[in-house]
1. Restricting the stretch 101-152 to residues that are assigned to a strand (DSSP E or B) and among the β-branched types (Val, Ile, Thr), which is nearest to residue 45 (Cα to Cα)?
2. Return the residue satisfying two criteria in turn: it lies in the stretch 54-98 and is in contact with a strand residue (DSSP E or B) (Cβ under 7 Å, 6 or more places away or on another chain), assigned to a helix (DSSP H, G or I) and over 12 Å from residue 118 (Cα atoms), and of such residues it is modelled with the lowest pLDDT.
3. Looking at (1) among the charged types (D, E, K, R); (2) within 20 Å of the chain's Cα centre (by Cα); (3) surrounded by fewer than 11 Cβ atoms within 10 Å (Cβ to Cβ), which is the only condition residue 123 fails?
4. Of all the residues that make up the stretch 14-53, how many are small (Gly, Ala, Ser), modelled with pLDDT of 65 or more and exposed (fewer than 12 other Cβ atoms within 10 Å of the Cβ)?
5. Might you check whether a residue that is touching a residue at least 24 places away in the same chain (Cβ under 8 Å), buried (at least 17 other Cβ atoms within 10 Å of the Cβ) and within 11 Å of residue 82 (Cβ to Cβ) occurs anywhere in the stretch 164-182?
6. Evaluate the following for residue 118: is it on the phi < 0 side of the Ramachandran plot, touching a strand residue (DSSP E or B) at 6+ places or on another chain (Cβ under 6 Å) and of a type in the set (Ser, Thr, Tyr)?
7. Which numbered condition trips up residue 148, out of (1) on the phi < 0 side of the Ramachandran plot; (2) within 14 Å of the chain's Cα centre (by Cα); (3) loosely packed, with under 15 Cβ neighbours inside 10 Å?
8. Would you be able to say whether some residue in the stretch 128-145 is modelled with pLDDT of 90 or more, farther than 28 Å from residue 168 by Cβ, charged (D, E, K, R) and surrounded by fewer than 19 Cβ atoms within 10 Å (Cβ to Cβ)?
Amino acid sequence: MPDQENKDGLTGRPPEADRAEAQPASGQGQDLRSLYQKSRCLFSGSYTHGIDAKGRLIIPATFREDLGPKFVVAPTPDFQAVAIYPVEEWIRQEEKLEALADLDARAIRLINQFSKYSYKDSETDLQGRLLLPQKMRSKYLDNVRDVEISGAKTYIRIVSAEAGEEEDELFNKDFPDPLAFIAELQQRGRS
């Protein structure tokens, strides 16, 4: 299906095209979906999209179904990027932080910061766009236009496109030979 330009000047595929392509010919797709859910690996892949003048960002169609109709926009666990959590995963993150508060009262500051930047009941519009809160765009994305949207297993991670490229370069520097690193870990595990 060809791309269409909407009234805001954004070019994109109509949502019905994504839904039609996402439906498998047999029940195989549902079986794979169940496996992904069981392994808690709901989100994978990396996409570059722009944030329009109104602060809207297209959520890739491959992420939308597992995200659900309502979700939470909040910081990533390291407080370095924007995360989009399915409600269940956001609750897990909050519970992890609350457990830390039992160990050290300073963790209450983490809980407060996480809550301060958590936007519950978020949803996309009919074109699959999310209105990112200005406070999130400013704090975690430096108000850039181009962002990298990537799967982080149980949530979606959003960083500036430039930060995404820097992360790739750092990965290549830190792991020049990933297979050697894996072999080293496996050897340690056998010891």
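The values are calculated or read from the model by the stated rules, or taken from the named source; none is laboratory data. No experiment lies behind these values; they were computed from the predicted model shown. FYI the Cβ positions are ideal-geometry reconstructions off the backbone, even for glycines, and counts take in every protein chain you see.
1. 149
2. Looking at residues that are in contact with a strand residue (DSSP E or B) (Cβ under 7 Å, 6 or more places away or on another chain), assigned to a helix (DSSP H, G or I) and over 12 Å from residue 118 (Cα atoms), I get 66.
3. Every listed condition holds for residue 123 apart from (3).
4. Of all residues in the stretch 14-53, those small (Gly, Ala, Ser) come to 17, 20, 22, 25-27, 29, 34, 39, 44-46, 50, 53.
So of that shortlist, the ones also modelled with pLDDT of 65 or more come out as 44-46, 50, 53.
Now narrow it down to the ones that are exposed (fewer than 12 other Cβ atoms within 10 Å of the Cβ): 45, 53.
Here the count works out to 2.
5. First pass over the stretch 164-182, keeping only residues touching a residue at least 24 places away in the same chain (Cβ under 8 Å): 164.
Now drop any that are not buried (at least 17 other Cβ atoms within 10 Å of the Cβ), which leaves 164.
The next check asks that each one be within 11 Å of residue 82 (Cβ to Cβ); those that pass are none.
No, the stretch 164-182 contains no residue that is touching a residue at least 24 places away in the same chain (Cβ under 8 Å), buried (at least 17 other Cβ atoms within 10 Å of the Cβ) and within 11 Å of residue 82 (Cβ to Cβ).
6. yes
7. (3)
8. No, that holds for no residue.
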